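Colleague: Pasting in a structure now, in structure tokens, and then I'll have a few things to ask.
The numbers here are math on the coordinates, done by the rules we state, and not lab data. All values reported here derive from a predicted model rather than from experimental measurement. Neighbour counts are summed over all protein chains in view; Cβ atoms, including those assigned to glycine, are modelled from backbone coordinates with ideal geometry.
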């Protein structure tokens, strides 16, 4: 794409603030998309990634002083880690980063964005005290905002932009740009040290579409990316993978769509485009829904390079699946499990314990399913409690049940747990189950201080990714080095 050149291009410093590295670090794909869009629009962009920085405040201070930017953009990926047992809250560190940038570059306009702003744009805007914020698709809103600031124009109702109008916070809804194909390639390798991420166990993110059509009560995807699907041309998806395969020597890719296999026709076309390139890449996703999984699609996925995938079933009990509005039944989950196994793809099953409708009996149904899949060589990852995010159906349920106040901002992490199940009893039951099944992992177990070293060792030894395949071995090592094991330690 030919680079546009506005009359007064700005020097822009972009900062990826996410420093979470457990169970593995996540490549800041969204901010790279914004960097490429601003670069294509003629702005001078510098990218700073704080993931591996020991002192993030010192790092952003140094970058701001060296760059002398007129505009600073900071991406906040998450408000917290959504883990009721081993909670980590990221906004306090975010405040420190914004304060350091303001001090180091007092004349620069500071713009905040990232997935967290799609969840709670106005609350975070007030909390961080920034000049502007961007919610929803970042590429077009960021370019429009930076162009306006560069030209000294008044910023009015730009779609997706949060700003002050007098003393009032005003948020113009982002709208949904259906034409993702006109956006420049993220070119992750231009902005990010991908090799370093890979050494720490990460796979490289690829997005084939935005938006979601499912109604999961806890999910923020519709808030962040909108309702419905906006798909990319499958050939452009394959082009992006081939670019990284050729330029960065990347072999392991992770599809980070809300649901990779929906709509199934698009997922099939993506797989076929990749197959035609004959790159020999390894593909994975943890966003696979049991709602749709035809033998034809699974066969194409296997041929394209899928050897593993993560299935977000959340439960194997009908009363819970119905209350979570997952769009499939427990029998469908079992059917898909058998179908995926027949296709020769190993699975990480992902469950949420404690949602609406959960009881001791529904928990046992899920554990019965988990035991079956563990006996077949799969792995299981479980979180306890559901993080309540603003604007979700779960938020409305929590208000109706008196779990949260109607006026709560929810920036301080708050969790829902079924009133029909005692939290401590559920954790105790899960501990007993975990003791008998090494490939069963609590989300809190992924916070083990030993796990990052094991992940790096697996990367050094060039063990095939994803590393959850070695969960049984990792768990045996971590549990032998620490008594009681991770879930007990964090409870």
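Colleague: Given a cut-off of under 8 Å on Cα pairs at least six residues apart, what relative contact order in percent is computed for the chain? Working shown, then result.
Modeller: On the way: 926 pairs, mean separation 66.5, N = 491.
Once divided by the residue count of the chain, the mean separation gives 14 percent.
Colleague: Which value in nm describes the separation of the simple spin-label points at residue 368 and residue 171, placed 7 Å from the Cα toward the beta carbon?
Modeller: Using points 7 Å along Cα→Cβ, the separation is 4.3 nm.
Colleague: Report the full-extension gain for the segment residue 399 to residue 148: residue separation times 0.36 nm, less the Cα-Cα distance, to one decimal in nm. Could the numbers behind the result be given before it?
Modeller: Numbers: separation 251, 0.36 × 251 = 90.36 nm, distance 4.00 nm.
So the extension gain works out to 86.4 nm.
Colleague: A follow-up question, please. Using packing as a proxy for protection, rank 39-49, 396-406 so that the peptide with the highest average count of other Cβ atoms within 10 Å comes first. List each step's numbers first, then the result.
Modeller: On the way: 39-49: 20.8, 396-406: 13.9.
Ranking the peptides 39-49, 396-406 by packing returns 39-49, 396-406.
Colleague: For n ≥ 4 DSSP H runs only, could you compute -39500 (n - 2.57) per run for the chain, divide by its residues and tell me the 222 nm figure to the nearest 500? If you can, show how the numbers build up before the last one.
Modeller: Values: 20 runs with 201 residues, N = 491.
Using -39500 (n - 2.57) per qualifying helix, the result is -12000 deg cm²/dmol.
Colleague: Follow-up question, since we're still on this one. Please list 288-297, 139-148, 29-38 highest first by mean number of surrounding beta-carbon atoms within 10 Å per residue. Intermediate results must be reported in sequence, preceding the final value.
Modeller: Values: 288-297: 19.2, 139-148: 22.9, 29-38: 24.7.
Highest mean packing first, the order is 29-38, 139-148, 288-297.
Colleague: While we're on this one: Can you sort 206, 388 from fewest to most other Cβ atoms within 10 Å of each residue's own Cβ? Numbers along the way, then the final one.
Modeller: Working: 206 25, 388 22.
Ascending number of Cβ neighbours within 10 Å: 388, 206.
Colleague: Under the definition of Cα pairs under 8 Å and six or more residues apart, what whole-number percent is the relative contact order of region 11-171? Display every interim value, and only then the final one.
Modeller: Details: 271 pairs, mean separation 35.4, N = 161.
The value is 22 percent.
Colleague: Please give the helix 56-67 orientation as an angle from the longest Cα principal axis of the chain, in degrees from 0 to 90, rounded to the nearest 10.
Modeller: 30 degrees
Colleague: How do 245, 191 rank when sorted from fewest to most other Cβ atoms within 10 Å of their own Cβ? Write down the numbers at each step before the final one.
Modeller: Values: 245 18, 191 24.
Ascending number of Cβ neighbours within 10 Å: 245, 191.
Colleague: Using the alpha-carbon atoms, what tilt in degrees (0 to 90, nearest 10) does helix 264-277 show relative to the longest principal axis of the chain?
Modeller: 80 degrees
Colleague: Given labels modelled 7 Å from the Cα in the Cβ direction, how far is it in nm from residue 66 to residue 181?
Modeller: 4.0 nm
Colleague: Something else now. For the peptides 412-424, 312-324, what is the packing order when you average, over each peptide's residues, the other Cβ atoms within 10 Å and list the highest mean first?
Modeller: Details: 412-424: 16.8, 312-324: 22.4.
Per-residue Cβ counts within 10 Å, averaged per peptide and sorted highest first, yield 312-324, 412-424.
Colleague: May I ask you to sort 393, 231 by Cβ crowding, counting other Cβ atoms within 10 Å and putting the fewest first?
Modeller: On the way: 393 17, 231 20.
Ordered from fewest to most neighbouring Cβ atoms within 10 Å, 393, 231 come out as 393, 231.
Colleague: Using the alpha-carbon atoms, what tilt in degrees (0 to 90, nearest 10) does helix 471-481 show relative to the longest principal axis of the chain?
Modeller: That works out to roughly 90 degrees.
Colleague: How large is Rg/Rh for region 69-142, to two decimals, with Cα atoms and a Kirkwood Rh?
Modeller: Details: Rg = 12.6 Å, Rh = 12.7 Å.
Using Cα coordinates only, the ratio equals 0.99.
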